[in-house]
1. Quick one: which residue in GLY150, GLY180 is at pLDDT 95 or above and either out of contact with any strand residue (DSSP E or B) (no Cβ under 8 Å at 6 or more places or on another chain) or farther than 22 Å from LYS112 by Cβ (or both)?
2. Scan the stretch 141-157 and tell me whether some residue there is in contact (Cβ under 8 Å) with a residue 60 or more places away in the chain, under 23 Å from SER86 (Cα atoms) and out of contact with any helix residue (DSSP H, G or I) (no Cβ under 6 Å at 6 or more places or on another chain).
3. Would you mention how many residues in the stretch 45-81 are without any contact (Cβ under 8 Å) to a residue 24 or more places away in the chain and closer than 15 Å to HIS174 by Cα?
4. For the stretch 82-118, how many residues are of a type outside the set (Lys, Arg), free of Cβ contacts under 8 Å to residues at least 24 places away in the same chain and not in a strand (DSSP E or B)?
5. Got a number for residues in the stretch 63-73 being within 18 Å of LYS105 (Cβ to Cβ) and open to solvent by less than 50 Å² (accessible area, probe 1.4 Å)?
6. Looking only at the stretch 120-145, count how many residues are open to solvent by 100 Å² or more (accessible area, probe 1.4 Å) and at pLDDT below 90.
7. If you check every pair at least six apart or on different chains, which have Cβ atoms under 7 Å apart with a residue in the stretch 179-198 that is over 20 Å from GLY78 (Cβ atoms) first and a residue that is acidic (Asp, Glu) and not in a helix (DSSP H, G or I) second?
8. From the set of residues in the stretch 86-119 that are open to solvent by 60 Å² or more (accessible area, probe 1.4 Å) and among the β-branched types (Val, Ile, Thr), which is nearest to LYS49 (Cα to Cα)?
Amino acid sequence: SEYELLIKNNITGNQVSSRTNIISGFSFFNFSSNYKFGFYNPSLPDSSKFKSKTIEWGKVDHGEIYQLDIRFNFKENGLLKSLVWSQPLEIFTGIAMQSKLEGVKFFNFLSKNISDDNIFEREFVSIDLVMTVGTEDLNTYIKVNEPITGIVQQRPQFTNINNGIGIFSSRYTHTDYGIGLTNDTEDYLIDELDINFQ
């Protein structure tokens, strides 16, 4: 679908307009709802114990930028909490896209973001894969508004509003809920990280 925005200021008579395409229909290539992440395998040699998983997907209509977030859900003294492990932003370049989730980085993320305070008892609940997709206009807007690092400090202006300034765009969020961990990965989380998982 395409949405059109029309605004008229009844006092000044000024009229502005814009259009955006709507993103939909995203799915991962190599993923099923009963999958379990296996980030650790103790039966392998030391150099290979930590495993990785590559998540793959293709371009959807009007989708140009893709942000994958791994939402780690756990209980802390009975209360449900979540941490979000954000992956690098991926921009469509004409080929299928992917994000590699490395076991070492996964465990490091948890260790850095969960305290080892003994007053907390924690229990793993699930992992959610959250993909947010944005349009080409949204990608341009983000690029234009990145921090200025060079000598020239003047920021170019980007707008897709006719007779106005701003951005009218769309984004789409796809979530796969309730993904588990393998037994070996859960055991490593409990026995080796020292952050009070039971």
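1. From the options GLY150, GLY180, the qualifying one is GLY180.
2. yes
3. So the count comes out to 0.
4. Residues flagged as of a type outside the set (Lys, Arg), free of Cβ contacts under 8 Å to residues at least 24 places away in the same chain and not in a strand (DSSP E or B) within the stretch 82-118 amount to 6.
5. Looking only at that region, the number is 5.
6. Selection size over the stretch 120-145: 1.
7. What qualifies is ILE179/ASP128; ASP194/ASP116.
8. Here the residue is VAL104.
The values are calculated or read from the model by the stated rules, or taken from the named source; none is laboratory data. Predicted model, so just to flag it, every value in this text is computed and none were measured. No Cβ is skipped: glycine too gets one built from the backbone with ideal geometry, and neighbour counts run over all protein chains shown. Protein only, heavy atoms only, side chains kept; ligands, DNA and RNA dropped before computing areas. Shrake-Rupley method; radii C 1.70, N 1.55, O 1.52, S 1.80 Å.
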